[in-house]
Amino acid sequence: ILSGREWVYLASLLVPLVIYNLVLKGIRIDSLDEGFGVAAALDFMRSDLLFNLGFVSLWVGLFALSRRSRLRWPVVALFHAAAILVVGTSTAAHQYFQETGSTLSLNVIVYSLRSFGEIKDVIGSVTSPAVWLAVLAVLDYIVLGPWMISRLIYGRRRGPESSDSSVTPRLFAVGACAVSVGFISLSLPVEAGEASKSFARDPVVNVVMSEVDHARIRNLTADATPMETPLGTHLQETAGTEKKNVVFIHLESVRARSTTPYNGDIDTTPYLDELSRHSLMAERAYTIVPHTSKAVTAVNCGIDPHLVRDITEAEPNGIPATCLPELLDERGYQSVWFSSATEDFEDRAQLVENFGYRDFIPVEEMDKTGFQEANYFGYEDDIMLEPSRNWLEENDDKPFVAMYLGVTGHHDYRPIYRYGQEKYSEDAALNHYQNEVRYLDFFVKNVIDQYKYLGLYDDTIFVIYGDHGEGFGEHDLQQHDNTIYQEGLKVPLIIHEPGRFENGKRVETPTDQVDILPTVVDLLGYKVEGGGYPGRSLLAPPDKDRPLFFSCFDDYRCLASIEGNEKYIYFFGNQPDEVYNLSKDPYEHHDIAERLSAAELKKKRLQVLAWYSRVNATYEQRNPG
């Protein structure tokens, strides 16, 4: 059937490949907090075992079929290429899971390859020279190892060939290929159980099946009715109009629970805590999509962002709304966007232009002397203070809207020592993050002090908001993109207008970032004409029955809704729906979905899918390219 040399050649690559894949899966299972038993762990390994058995059988069969054939060398080349593909996919999926807690899909791979210039620094932040040396060593072994081992054992001479001319070897080869198809087929269907289907699948299987699953639901927006878009809107002055400055202070990756106003047990932000006592504070503020470019779209434009991973909002004609800077530009306002991040990350310059900002000052135009890098794509936020002072002094003849978008707080949480370091957690990453939140408290004070020094403070409305939260394993998720739980969605939102809210104002009903634009318009005393925005002013009477909707950043990963104190999470069938009572269980430890009937769950599911479909139809039917 096969010579000894051929068996050694195959085994020298397939055996370590199978062991490697299964060990990585075991590490991922062990990293879950649920503490699954042996039976559950084996069930999670089932797809991996079947896929790897199928992969082994396939190549045994193909090697047998191609003996004494002109196809032998193409089969050998394909064998090595397939091994590289499988090992590469398994490694990338493992690393992605370890860093984010999410499984790797084809959509993420395609996005990453297309945006490699942007994410190469992200990859570099979670790897080291030793890792890349190990990758090169593995690639070298895959390419040369089988040849070297078989030659070491058998020398240069070829092994004895079988003289059996019967049909048995060929039947064996065909049978091995058929068995491989059977094994791989059995590895595909995995039902949602204690963990998601995507986690239970072998990584290669999941990359393929994720695309199959997504193809089934891509037509969700095909017949959906788009939402009415606030295009062509303008601001009308009223008797109460005051042309005050509007300043957005963006708190990168800051979750509500890590700030003192929202969590009295932590002293990270004493200045914000004091400021909130004389401000409007939304006690239950949320981001719609836990990703910066999506969040700033909602903040500046007052609409839900496009619920896809691509930043389509940065494309020409990409935002179906007239955004606040453009509205205020028509009323004689100037505008500026300061950023301590690089200007090319997610095409930020074009996004800012689409919002309607006239001036854009990225970190490339700032003096970096004496400032630390906060992460792989920007510097500590204080680097914006000098450019801010210069711009304000040069543009003091008109009211303005200004955005301060920093990156301190974002992964990979590099320590910044300007204001010292405190001990908040035994977990190094969380401790660094909490210290960056503490740093941002100083930054907010520095900005407001600058406005006081320049005599602008009394005529300025400060909107201080978190773009999204951050996960540190609370629900086996890291970072923010797919952290659909409270640590990822619930953010600080404090609006400070000197002379107003001196005794503090608290908004207790749930609110999200589309409410910021109408609130600012309301505070300025304008009236929107020519259309309407979906959000509600926080100065208006509360609407306790209004549902809020949310989405993960990755396509088809998850959706959620909050009505009152009830939160519902939908995973597109990848795992069972979840429901939480936020009043009794604010950190979502106890899923109560089983208490709801199938009809109740279906109603909630259809509700989030209807929102998802209408939002995406609004973008896609306006800009189908």
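The values are calculated or read from the model by the stated rules, or taken from the named source; none is laboratory data. Predicted model, so just to flag it, every value in this text is computed and none were measured. With ideal geometry, Cβ positions are generated from the backbone for all residues, glycine too; neighbour counts draw on all protein chains shown. Surface areas here come from the heavy atoms of the whole protein model, side chains and all, with no ligands, DNA or RNA. Shrake-Rupley method; radii C 1.70, N 1.55, O 1.52, S 1.80 Å.
Just a few scattered comments:
- Test: Ser258 is crowded, with 22+ Cβ neighbours inside 10 Å and at positive phi: no
- Residue match in the range 336-345 (condition: closer than 19 Å to Asn245 by Cα, of a type in the set (Gly, Ala, Ser) and touching a Lys or Arg at 6+ places or on another chain (Cβ under 6 Å)): no
- Residues of the range 152-169 classified as modelled with pLDDT of 70 or more and touching a Lys or Arg at 6+ places or on another chain (Cβ under 9 Å), total: 3
- For the range 270-315, a tally of residues being more than 17 Å from Phe549 (Cα to Cα), assigned to a loop (DSSP other than H, G, I, E, B) and among the hydroxyl-bearing types (Ser, Thr, Tyr) returns 1.
- Criterion violated by Val181 - all others in (1) part of a helix (DSSP H, G or I); (2) open to solvent by less than 60 Å² (accessible area, probe 1.4 Å); (3) at pLDDT 90 or above satisfied: (2)
- Residue within the range 570-581 that is over 22 Å from the mean Cα position of the chain (by Cα), without any contact (Cβ under 8 Å) to a residue 60 or more places away in the chain and part of a loop (DSSP other than H, G, I, E, B) present: no
- Filter result for Leu440 (of a type in the set (A, V, I, L, M) and surrounded by fewer than 21 Cβ atoms within 10 Å (Cβ to Cβ)): no
- Residue within the range 426-435 that is within 16 Å of Val247 (Cα to Cα) and either open to solvent by less than 30 Å² (accessible area, probe 1.4 Å) or modelled with pLDDT of 95 or more (or both) present: no
- If you check Pro305, Pro316, Pro399 for being within 28 Å of Gly532 (Cβ to Cβ) and crowded, with 24+ Cβ neighbours inside 10 Å, only one passes: Pro305.
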